[in-house]
Amino acid sequence: MTRMKKTVCIFACILCTVMSALSWQSMCHATEAKRFEFNITEFGAIGDGKTINTKAIQQAVDECAKNGGGTIVIPPGTFVCGTIFLKNNTELRLAPGAILKASPNRDDYCKLDAYPQNFEVLNEGWGAAHLIVGVNVKNVSITGEGTIDGSADVFLGDPRPAPKGATTWRHGFAWTKGLAHNTAPETARKLARPGQLIVFCESQSVRMRNISVRNAPSWCCFIYGCEDVFVTGIKIDNPPTFANSDGLDIDSCRNVVVSDCRIITGDDAIAVRGAPSHLLNKERACEHVVITNCVLSSSSSVFRIGVGNGTIRDVNISNIIILTGAVGFHFQSSYNASAPRGVNISRVRCSNVNMRAVAYPIKITPGTKTATATIEDITFDGIYAESYVGLVVTGNGKTAPKRVTVRNSEFVAVASPIEMSRFPEAYFSVTDGASARFENVTLRWDNAKHWQTPSDFTKAASVKTINCDWPNPPAETKPAETK
């Protein structure tokens, strides 16, 4: 054999060996990738919109966690299930065309004693049952282009008409089927609709990305006592009449980023709360929260800042479009008698917001008469608002908001879309011990009637206006008499 032939032969052997090694390595990688991905259909799930798949999906989650973590895949189809508990290092991924649909049967959900932090609010008609739960877990996520459907139409009755002059729920209010407000607790618990659809509680490194949520029977997403939370690109759709259908509730959490979301719902679009009383760690503050680049709509408060007996601080809200709402920004330290002192709220910055079709653009109040908690250092910068009631900052005789600043903003008083029982006299109202500063703020009257004056500062602690343009409302024109 010539030297050249030997060289070619040796080269061919080497090439064959390399190719074999690469092929084997590729096979190993493929096998390894497959091991960390668990399709729920491999565990018996059926996406026919009828079969209850709770057991199959939970088995997929458990097997994923047992293998050190990975992704649980929900493929295209409609998969009905009850409560699913997520585990450490797991990602629940909904493929495009996948629908995870909540069971219409209350017995398929977790009970009040499912975990120590669980709770119910029976006077609002919802219980302690949930669809997806992560408690004391780390590195968990819900992702994908699929949809989570809460089956609220099964549990909610027809909307009741709104009272005359109501600014909240003016399209009506849908309540739990067969449940009266004065029903005894044991009966109410049996009839109550499921509570929060998605719950993460006292967990770390939580991700929610790109999913769609619709038809929720109560709050859509409840993030409670968690750290390092990222909510990105989620879409929420609930009818404007659905009771307690909050979009996203962030309660007693630290280091939270919410961005690029679109939330259309009946109750609060986004709530930032300080109510740690049900947590194991009752000292948790809600702090270091960023909310940006969102489009929102609500029949109640678009942003609710408050509720509870803890602390809310260091919150930045920016680049927001508000389509409609009863209140654009609602700061309220005490929501009801269950937390009579209220939550201390401080260092909240809201900027670059465009809101239309709202009653109150900004409402800052202690809430109940018992509230003694403080609301202070609240700043609004770059607000454009078209509203039909006006801006309110007020105290209750025991406590009052302090150092509220509104700057570089434009407000337009528009005609009311509803018949008001009592129309406010002033657009800017700062009263009962509150203090505020307005700088470079303009007010325009656009077909708004019944107003008496641009401002009312009765018994305010202090109000400063710098370079503000607040003309008196135009005189109401009476129709010409016919001859």
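The values are calculated or read from the model by the stated rules, or taken from the named source; none is laboratory data. Quick caveat, the model's predicted, so the values are computed rather than measured. Counting neighbours? That spans all protein chains shown, and the Cβs are built from the backbone with ideal geometry, glycine included. In case anyone asks, the SASA skips ligands and DNA or RNA and just uses the protein heavy atoms, side chains included. Shrake-Rupley method; radii C 1.70, N 1.55, O 1.52, S 1.80 Å.
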**Prompt:** Looking at ASP268, ASP249, which is the one that is more than 22 Å from PRO401 (Cα to Cα) and either charged (D, E, K, R) or open to solvent by 20 Å² or more (accessible area, probe 1.4 Å) (or both)?
**Reply:** ASP249
**Residues of segment 406-421 satisfying the condition of being farther than 17 Å from TYR360 by Cβ and either buried (at least 17 other Cβ atoms within 10 Å of the Cβ) or among the small types (Gly, Ala, Ser) (or both)** = ARG407
**Prompt:** Of VAL393, VAL441, which residue is within 28 Å of the chain's Cα centre (by Cα), crowded, with 18+ Cβ neighbours inside 10 Å, modelled with pLDDT of 95 or more and closer than 16 Å to CYS350 by Cα?
**Reply:** VAL393
**Asked** Out of SER338, SER318, which single residue is open to solvent by 10 Å² or more (accessible area, probe 1.4 Å) and touching a helix residue (DSSP H, G or I) at 6+ places or on another chain (Cβ under 9 Å)?
**Response** SER338
**Request:** Please indicate, with yes or no, whether at least one residue in segment 271-281 is without any contact (Cβ under 8 Å) to a residue 60 or more places away in the chain and among the charged types (D, E, K, R).
**Result:** no
**Prompt:** When you scan segment 150-203, how many residues do you find that are surrounded by fewer than 18 Cβ atoms within 10 Å (Cβ to Cβ), modelled with pLDDT under 90 and β-branched (Val, Ile, Thr)?
**Reply:** 1
**Prompt:** VAL80 is checked against (1) more than 17 Å from ARG214 (Cα to Cα); (2) over 23 Å from the mean Cα position of the chain (by Cα); (3) crowded, with 19+ Cβ neighbours inside 10 Å and fails just one. What number does that condition carry?
**Reply:** (1)
**Fill in**
Reported set for segment 215-237 where residues are open to solvent by less than 10 Å² (accessible area, probe 1.4 Å) and either farther than 18 Å from ARG313 by Cα or touching a Gly at 6+ places or on another chain (Cβ under 8 Å) (or both) is ALA216, PRO217, SER218, CYS220, CYS221, PHE222, VAL231, ILE234, ILE236
**Request:** Inspect segment 108-122 for any residue being within 17 Å of VAL213 (Cα to Cα) and surrounded by fewer than 23 Cβ atoms within 10 Å (Cβ to Cβ) and give the result as yes or no.
**Result:** no
**Asked** Checking GLU425 against (1) surrounded by fewer than 19 Cβ atoms within 10 Å (Cβ to Cβ); (2) farther than 25 Å from THR324 by Cβ, which single condition isn't satisfied?
**Response** (2)
**Asked** Given the structure, is THR143 open to solvent by 40 Å² or more (accessible area, probe 1.4 Å) and at pLDDT 95 or above?
**Response** no
**Fill in**
From the option list ASN352, ASN344, ASN244, single residue qualifying as at pLDDT 95 or above and over 30 Å from TYR115 (Cβ atoms) is ASN352
**Prompt:** Quick check: anything in segment 148-164 aliphatic (A, V, I, L, M), in contact (Cβ under 8 Å) with a residue 12 or more places away in the chain and over 24 Å from ILE264 (Cα atoms)?
**Reply:** no
**Complete:** When every residue in segment 278-307 that is assigned to a strand (DSSP E or B), open to solvent by less than 10 Å² (accessible area, probe 1.4 Å) and touching an Asp or Glu at 6+ places or on another chain (Cβ under 8 Å) is compared, the one farthest from ILE375 (Cα to Cα) is CYS294
